[in-house]
């Protein structure tokens, strides 16, 4: 009898680009991929922050480089991929939230959130996939639990994240024959510098803790494992779906 072999979680010899990779979940994903052996291109708008992230990774012995990039600039995204060449993994962690009651949403807020969460996500995936044709690869969108449920004051945010799920499924169908896998990770509220003000509000923290069925809130490390799984051969037959890292929020 021949024993089956567990597929490798290693990424040695692979190249990955992490958009929104200088802070929070994106930085965690960048570290996870680099720790598994990938050369990681960390992309973000703020040159100081992205270089600081790369420096920290280099000090830990990881292979990383900085890329200053505004993901809402479609032409700049296309040019960046032309310059850096093909990547094996794209992780898009760039995102924007402007919460308000649906009756009070302004066109300006709607357009700003949609520009990052839908348009930028779409054309980042397109730019990466164009270079993955004939090579294969993994595209990972950091979505949200709010892509599967609704939330008060979050109509625009939920709408954009639901859109990401839809385009992910369609792209997975179109690009599957090229061995390009497209998936999302849907975290709950993750404790980061950006979400700290929310967690510091006792009423909001109580609401979050009541929704999460496990007895703690989310940490960046909770997303890192899911990212590595989707980037590696361990998920070779996984495409067009989402991994919910939500502590049971969407279970009911």
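The values are calculated or read from the model by the stated rules, or taken from the named source; none is laboratory data. Note that the structure is predicted; figures quoted are calculated from it, not measured. Cβ placement follows ideal geometry from the backbone for every residue including glycine, while neighbour counts extend to all protein chains displayed.
So which of 58, 36, 64 ends up being in contact (Cβ under 8 Å) with a residue 60 or more places away in the chain and either surrounded by 24 or more Cβ atoms within 10 Å (Cβ to Cβ) or more than 18 Å from residue 121 (Cα to Cα) (or both)?
36
Please work out if residue 87 is in contact (Cβ under 8 Å) with a residue 24 or more places away in the chain, on the phi < 0 side of the Ramachandran plot and touching a strand residue (DSSP E or B) at 6+ places or on another chain (Cβ under 8 Å).
Yes, satisfied.
Report yes if some residue within the range 135-143 is surrounded by fewer than 18 Cβ atoms within 10 Å (Cβ to Cβ), modelled with pLDDT of 95 or more, on the phi > 0 side of the Ramachandran plot and not in a helix (DSSP H, G or I); otherwise report no.
Yes, some residue in the range 135-143 is surrounded by fewer than 18 Cβ atoms within 10 Å (Cβ to Cβ), modelled with pLDDT of 95 or more, on the phi > 0 side of the Ramachandran plot and not in a helix (DSSP H, G or I).
Being modelled with pLDDT of 95 or more, part of a helix (DSSP H, G or I) and closer than 28 Å to residue 35 by Cβ narrows it down to one residue among 115, 121; which is it?
Only one candidate passes the filter, namely 121.
Condition check: closer than 23 Å to residue 224 by Cα, assigned to a helix (DSSP H, G or I), touching a helix residue (DSSP H, G or I) at 6+ places or on another chain (Cβ under 6 Å) and at pLDDT 95 or above. Does residue 161 satisfy that?
yes
Every residue in the range 172-209 that is over 30 Å from residue 240 (Cα atoms) and over 22 Å from the mean Cα position of the chain (by Cα), please.
200, 201, 202, 203, 204, 205, 206, 207 - these are the residues of the range 172-209 that are over 30 Å from residue 240 (Cα atoms) and over 22 Å from the mean Cα position of the chain (by Cα).
Suppose we filter 9, 27 for residues that are crowded, with 23+ Cβ neighbours inside 10 Å, touching a residue at least 60 places away in the same chain (Cβ under 8 Å) and closer than 22 Å to residue 187 by Cα; which single one remains?
After ruling out the rest, the residue left standing is 27.
Does at least one position in the range 164-179 carry a residue that is surrounded by 17 or more Cβ atoms within 10 Å (Cβ to Cβ), outside any helix (DSSP H, G or I) and touching a helix residue (DSSP H, G or I) at 6+ places or on another chain (Cβ under 8 Å)?
No - not one qualifying residue is present in the range 164-179.
So that you can scan it fast, the table gives a plain yes or no per residue for (1) crowded, with 18+ Cβ neighbours inside 10 Å; (2) over 18 Å from the mean Cα position of the chain (by Cα); (3) without any contact (Cβ under 8 Å) to a residue 12 or more places away in the chain; (4) more than 17 Å from residue 184 (Cα to Cα):
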| residue | (1), (2), (3), (4) |
| --- | --- |
| 102 | no, yes, no, yes |
| 109 | no, yes, no, yes |
| 120 | yes, no, no, no |
| 123 | no, no, no, no |
| 126 | no, no, yes, no |
| 129 | yes, no, no, no |
| 150 | no, yes, yes, yes |
| 156 | yes, yes, no, yes |
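For (1) touching a strand residue (DSSP E or B) at 6+ places or on another chain (Cβ under 8 Å); (2) within 28 Å of residue 233 (Cβ to Cβ), each residue gets a yes or a no:
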| position | (1), (2) |
| --- | --- |
| 13 | no, yes |
| 28 | no, yes |
| 45 | yes, no |
| 65 | yes, yes |
| 83 | no, yes |
| 95 | yes, yes |
| 101 | no, no |
| 106 | no, no |
| 116 | no, no |
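Scan the helices (runs of 4 or more DSSP H) fully inside the range 186-252 and keep the ones with 3 or more residues being surrounded by fewer than 16 Cβ atoms within 10 Å (Cβ to Cβ).
196-200, 202-211
Residue 179 is checked against (1) touching a strand residue (DSSP E or B) at 6+ places or on another chain (Cβ under 8 Å); (2) at pLDDT 95 or above; (3) on the phi < 0 side of the Ramachandran plot and fails just one. What number does that condition carry?
The number of the failed condition is (3).
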